[in-house]
Amino acid sequence: MQTQSSLQSNWLRSYYFTRAAFSVIWIAAAILLAGQPSAAAFLLVIYPLWDALANLVDARVNGGLQANPSQTLNVVVSTVTALAVAIALGHGTYAVLAVFGAWAILSGLLQLYTGVRRWRIYGAQWVMILSGAQSALAGGYMISQSFADAAPTILDIVPYAGFGAFYFLLSSIWLVVAARRKAHG
């Protein structure tokens, strides 16, 4: 019989893997469809919406929205970001990149907080903490690039999504390794 902690750890492994898989699929679509403005616009809006949905589901599985204030706030921030991206698309790619940068900062800090909070319960959260910190730094870089001369494209978001995929996959693998060590040690 599995303990509650074990069930939650299993959930996190699946959740992190699913987040990584979505990011990889999104990256492939962004690269393939970068030259198609409507498709790129759809992808730019769907990315923060996916983050909102993923945080909502994870918070509900882990005790509900009230028990997970950082994720609840992340749901709101990511939903507002999707709306802001949709509006920014009408103002140009510079505005879109600035919105993504602000979102990366906020969602990164919220992810960092969630990782710190979960560390005590599940361990192996250092990757999510690092990811949150890097997201916040990447957001600052995106904002600075939104003032550059070269017009940004969806391809300027791809490295951010790539690091996210890497960190989610690494977190999933780390939890698998930790569970095996615990079971055999």
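The values are calculated or read from the model by the stated rules, or taken from the named source; none is laboratory data. Everything numeric in this text was worked out from a predicted model, so none of it was measured. We place every Cβ from the backbone using ideal geometry, glycine too, and count neighbours over all the protein chains shown. In case anyone asks, the SASA skips ligands and DNA or RNA and just uses the protein heavy atoms, side chains included. Shrake-Rupley method; radii C 1.70, N 1.55, O 1.52, S 1.80 Å.
Select from the stretch 47-69 the residues that are of a type in the set (A, V, I, L, M, F, W, C) and open to solvent by 50 Å² or more (accessible area, probe 1.4 Å) and list them in ascending order. Within the stretch 47-69, L49, W50, L53, V57, V61, L65, A67 meet the criteria.
Please state which one of A150, A86 is outside any helix (DSSP H, G or I) and among the aliphatic types (A, V, I, L, M).
Values: A86 fails: outside any helix (DSSP H, G or I).
After ruling out the rest, the residue left standing is A150.
Within the stretch 89-105, residues that are among the polar types (S, T, N, Q) sit with their Cβ atoms under 9 Å from residues that are assigned to a helix (DSSP H, G or I) and open to solvent by less than 30 Å² (accessible area, probe 1.4 Å), at 6+ positions apart or across chains, in these pairs: T93/I154. Summed over the stretch 58-75, residues that are in a helix (DSSP H, G or I) and free of Cβ contacts under 8 Å to residues at least 24 places away in the same chain total 5. Condition check: surrounded by 19 or more Cβ atoms within 10 Å (Cβ to Cβ) and not hydrophobic (A, V, I, L, M, F, W, C). Does Q145 satisfy that? No.
Among residues of the stretch 148-166 that are over 13 Å from A34 (Cβ atoms), those with a Cβ under 6 angstrom from a residue that is open to solvent by 70 Å² or more (accessible area, probe 1.4 Å), sequence gap 6+ or separate chain, pair up as A165/V24. Here the stretch 118-147 is the region considered, the condition is being β-branched (V, I, T) and in contact (Cβ under 8 Å) with a residue 40 or more places away in the chain, and the residue that is farthest from V61 (Cα to Cα) is I143. Residue count for the stretch 149-168 under the criterion of being farther than 15 Å from F100 by Cα and over 12 Å from the mean Cα position of the chain (by Cα): the result is 2. Of the residues S23, S38, the single one that is modelled with pLDDT of 95 or more, crowded, with 21+ Cβ neighbours inside 10 Å and on the phi < 0 side of the Ramachandran plot is S23.
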